[in-house]
1. Hey, can you tell me all the residues within region 55-72 that are surrounded by 12 or more Cβ atoms within 10 Å (Cβ to Cβ) and among the small types (Gly, Ala, Ser)?
2. For region 73-92, state whether one or more residues are of a type in the set (Lys, Arg) and either exposed (fewer than 11 other Cβ atoms within 10 Å of the Cβ) or more than 24 Å from THR167 (Cα to Cα) (or both).
3. Tell me the strands (runs of 3 or more DSSP E) entirely within region 30-148 that contain at least 2 residues that are modelled with pLDDT of 85 or more and either more than 30 Å from THR15 (Cβ to Cβ) or touching a helix residue (DSSP H, G or I) at 6+ places or on another chain (Cβ under 7 Å) (or both).
4. For region 185-199, what are the residues that are assigned to a helix (DSSP H, G or I) and surrounded by 10 or more Cβ atoms within 10 Å (Cβ to Cβ)?
5. Taking region 1-21 on its own, how many of its residues are surrounded by fewer than 14 Cβ atoms within 10 Å (Cβ to Cβ) and modelled with pLDDT of 75 or more?
6. What single numbered condition from (1) closer than 30 Å to GLY221 by Cβ; (2) outside any loop (DSSP other than H, G, I, E, B); (3) of a type in the set (A, V, I, L, M, F, W, C) fails to hold for VAL161?
7. Considering region 200-235 alone, what residues qualify as being among the hydroxyl-bearing types (Ser, Thr, Tyr) and surrounded by 10 or more Cβ atoms within 10 Å (Cβ to Cβ)?
8. Given the structure, is LYS99 loosely packed, with under 13 Cβ neighbours inside 10 Å, among the basic types (Lys, Arg), out of contact with any Cys (no Cβ under 8 Å at 6 or more places or on another chain) and within 30 Å of TYR153 (Cα to Cα)?
Amino acid sequence: MNGYNGAYLCDPYTTNSKCTAPLHSDGNGNGNKIAPFAYQMDAISANWPVEFAAYSGYLKYQLEWVLGRRGYVRWMIDGVPLFEIPAEALESPPQNAAKSNPKKLMIEEPLYLIFNTALSTSWGTVPPNAGKPCRGDGLDPKVNRICDAYPLYLKLDYIRVWQNTSTMSVGCDPASHPTRLWIDGHKSEYEDIDNPNIDVDGNAFCNDNADCTLGGSIVTGSCSASNRCVCSAPA
């Protein structure tokens, strides 16, 4: 089941009716602080119903990402493949007579992982009487059984990342993909006169001193009583 096909993305001051909740849908856009844009975000996704065991214990949710022309992105549960996007689907997509569907490359750049345990009505079942008392009038036995089970918790037992070090690098600025070099050469795409990049020393949120210093024997900062990082020496 393909659950998501991409959103129509626009700048916040757009007057384009295709965009989600434009600030000035009445055509009176003004005060735009960024260059205007409007495009369809390309996306491929799938939904898969999980077994009852997912609600009473732990399952292994797995993602395998292989780079290159013969690569793929594969989703699995407990080692069983569920959905796969091969590189060929991106590099040689279906075309119309005008060949307007652009060819793409298998994603190969520094990435990070987000584990989101939030629930959304866009992805699954809506809870009973959403936004109101769970049981409503209390006369529906099925609704009452659901509400009796609350509160429910989504828990992660562990996260494990395996990486082929012969073909991949660790870090956000590897030699094979010099991210910092790209950003330094395209700063206009990341900042403008209204949104400058400002370096700030310390003041990040923290729980202990380890959150405020680099690894190794050199201590570069500490965590204050207000749970904010303080640099050991001014920059």
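The values are calculated or read from the model by the stated rules, or taken from the named source; none is laboratory data. The structure presented is a predicted model; accordingly, all values stated were derived computationally and were not measured. Backbone-built Cβ (ideal geometry, glycine too); neighbour counts: all protein chains shown.
1. Scanning region 55-72 gives a single hit, GLY71.
2. Taking region 73-92 and keeping what is of a type in the set (Lys, Arg), we get 74.
Filter once more, so that each one left must be either exposed (fewer than 11 other Cβ atoms within 10 Å of the Cβ) or more than 24 Å from THR167 (Cα to Cα) (or both): none.
No, every residue in region 73-92 fails to be of a type in the set (Lys, Arg) and either exposed (fewer than 11 other Cβ atoms within 10 Å of the Cβ) or more than 24 Å from THR167 (Cα to Cα) (or both).
3. Values: elements: 38-40, 61-66, 72-77, 80-86.
Of the strands (runs of 3 or more DSSP E) lying wholly inside region 30-148, those with at least 2 residues that are modelled with pLDDT of 85 or more and either more than 30 Å from THR15 (Cβ to Cβ) or touching a helix residue (DSSP H, G or I) at 6+ places or on another chain (Cβ under 7 Å) (or both) span 61-66, 72-77, 80-86.
4. Within region 185-199, the subset assigned to a helix (DSSP H, G or I) is 185, 187-189.
Scanning region 185-199 gives GLY185, LYS187, GLU189.
5. The first filter runs over region 1-21 and keeps only residues surrounded by fewer than 14 Cβ atoms within 10 Å (Cβ to Cβ), leaving 1-7, 17-18, 20-21.
Adding the requirement that they be modelled with pLDDT of 75 or more leaves 17-18.
Qualifying residue count for the region: 2.
6. With respect to (1) closer than 30 Å to GLY221 by Cβ; (2) outside any loop (DSSP other than H, G, I, E, B); (3) of a type in the set (A, V, I, L, M, F, W, C), VAL161 is out only on (2).
7. Step one: filter region 200-235 for residues among the hydroxyl-bearing types (Ser, Thr, Tyr), giving 213, 217, 220, 222, 224, 226, 232.
Within region 200-235, THR213, THR220, SER222, SER224, SER232 meet the criteria.
8. On the way: loosely packed, with under 13 Cβ neighbours inside 10 Å: yes; among the basic types (Lys, Arg): yes; out of contact with any Cys (no Cβ under 8 Å at 6 or more places or on another chain): yes; within 30 Å of TYR153 (Cα to Cα): no.
No: the conditions fail for LYS99.
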